[in-house]
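A.B. asks: My questions will all concern the structure given below.
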Amino acid sequence: MRKSLTPKLGIHGLKNLDAVILAALAANATVLLIGPHGSAKTLLAQRVAETLGCAFRHYNTSLLNYDDLVGYPIPDQENRTLSFIQTPGTIWNAEFILFDEISRARPEIQNKVFPIVHEHRVQGIELQQLSHCWAAMNPPSDGEDAQDAIYFGSWSLDAALADRFRFILKVPGFDELQENAREEILLNGDAKKGRPALKAKIKAVRKRLNFAAETDRRWAVRYLSAMTPLLEKAELAISGRRARYLFENILALHAAERVLGERSEISDAA
C-alpha cells in the first residue's frame, strides 16, 4: 500500500511529489519550488521543517538585506576578527532555510545567497547546523508560457545559481489540481491529518542509498550517457554538475519510491 506524505502535512494536490520531496530530504539536497502564488510552497517548507523539528528560517529574498542574514558586524581590532550581533532571524543556527521569492531578489542579494545555496557558507564560514536549503519563486515573467507574464517582478534565475539547485519542482496552482484535491482544500483548508513518520522514512531512504545495487548505478550511468547527446542536439546542454545531480536524483528517487511502498523500477524513477 502506498504511504502518503504531503496529505498528512495538510498539503493537498502534491501527492505526486511525495517521493521527490522525501528523496531531497534524505539527500539533504537543495530544492527550488516554482509555482503560482497561493500554491502552498512556503507552507510545504514550514510543515516539513516543523515535522523534522528543525530550526527554520523563512526569508523573503525580495526584501532581504545582508544584515538580516548575518546580523550586525562588530570588528575586533585587537584580534583582527569579525563577530556579529545576532537576532532571532539570523542564519547562523538555522537547520532549514527557505529563500522565498528568490527570483525577485536584487542581483547583489542573489550573489550573497549563492554560496549559502552552493556551499552552506557565509563569508567563507561554514553553516554547520544547516541541513536543508530550499527556495521558492513564481514562474518567471520571461518564460515561454504566456501566462507567466502576469508575474512582472519574477525573472529567470542566473544560470549558475539555478544549477546549484539539485531538485527543481513545478508546484501546481489551484486550477491545475484534480477535483478531489480542490474539494479537500475547500472543506478542510490546510488542517493536518497526523504526523508522518518523516524521520524514519528519511533514515530508510538513506539506508537503501548506502546499499544501492551496482546494477542500478550502472543502469543510471548508461541512461544519462544516452540522454546527454540528445539534450545537446535539442540545444539543452547540461553541466557536469547537473548530470551528476541527475544520477544521484535517480537513485534517491528510486529509494524513496520503494520506502513509500511503490513498486517502481530504476527506469520508472529515471
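Taken together, the values in this text are just the output of simple stated rules run on the coordinates, not laboratory data. Worth saying up front: this structure is predicted, and the values here are computed from it rather than measured. Note that each Cβ is placed from the backbone with ideal geometry, even for glycine, and that neighbours are counted across all protein chains shown.
A.B. asks: Can you give me the long-range amide H partners of Ile168? Hydrogens built in the peptide plane at 1.01 Å from N, cutoff under 5 Å, separation of 5 or more residues or another chain.
C.D. replies: Here Leu32 satisfy the definition.
A.B. asks: Follow-up question, since we're still on this one. Give the range of the longest stretch in the chain that excludes all chymotrypsin sites (Phe, Trp or Tyr not before Pro) found in loop regions by DSSP and having at most 12 other beta-carbon atoms within 10 Å.
C.D. replies: Details: sites that count: Phe152, Phe211.
The answer is 1-151.
A.B. asks: Each residue of the range 171-180 in turn: what ³J(HN,Hα) in whole Hz from Karplus with 6.51, -1.76, 1.60 and θ = phi - 60°, glycine and Pro shown as x?
C.D. replies: 9, x, x, 4, 6, 9, 7, 6, 4, 5
A.B. asks: Under the rule that an exposed site lies in a DSSP loop and has at most 13 other Cβ atoms within 10 Å, name the longest stretch of the chain with no GluC sites (Glu not before Pro) of that kind, not counting the sites themselves. Intermediate values should be presented prior to the final figure.
C.D. replies: On the way: sites that count: Glu78, Glu144, Glu235, Glu265.
Within the chain, the longest run free of exposed GluC sites (Glu not before Pro) spans 145-234.
A.B. asks: Let me ask something additional. What is the magnitude of the charge dipole of the range 191-264 about its Cα centre, with +1 placed on the Cβ of each Lys and Arg, -1 on the Cβ of each Asp and Glu, and no other charges, expressed in debye to the nearest 20? Don't skip to the answer; put the middle values down first.
C.D. replies: On the way: 18 positive and 7 negative charges, 129 e Å.
Here the range 191-264 has a charge dipole of around 620 debye.
A.B. asks: Tell me which trypsin sites (Lys or Arg not before Pro) from the range 54-106 have a DSSP coil assignment and no more than 12 other beta carbons within 10 Å of their own. If you can, show how the numbers build up before the last one.
C.D. replies: On the way: sites: Arg57, Arg80, Arg104; in loops: Arg80.
Here the sparse-neighbourhood loop sites are Arg80.
A.B. asks: OK, next. Compare the Cα positions of Ser141, Ala191, Ser264 along the charge dipole of the chain (+1 at Cβ of Lys, Arg; -1 at Cβ of Asp, Glu; about the Cα centre) and return the one farthest towards the positive end.
C.D. replies: Working it through, the farthest residue towards the positive pole turns out to be Ser264.
A.B. asks: Still on this structure, I have one more. If each DSSP helix of 4+ residues adds -39,500 (n - 2.57) and the sum is divided by the residues in the chain, what number results at 222 nm, nearest 500 deg cm²/dmol?
C.D. replies: -12500 deg cm²/dmol
A.B. asks: Another question, if that's okay. Given H placed on each backbone N at 1.01 Å, which residues far from Arg121 in sequence or on other chains put an amide H within less than 5 Å of it?
C.D. replies: Ile116, Leu127
A.B. asks: Let me ask another. Pairs to check: Lys170/Lys192; Lys41/Lys192; Lys15/Lys41; Lys3/Lys201; Lys3/Lys170. Give those whose C-alpha atoms are more than 19 Å from each other in this structure. Intermediate results must be reported in sequence, preceding the final value.
C.D. replies: Values: Lys170/Lys192 22 Å; Lys41/Lys192 16 Å; Lys15/Lys41 14 Å; Lys3/Lys201 10 Å; Lys3/Lys170 22 Å.
Too far apart for the 19 Å limit: Lys170/Lys192; Lys3/Lys170.
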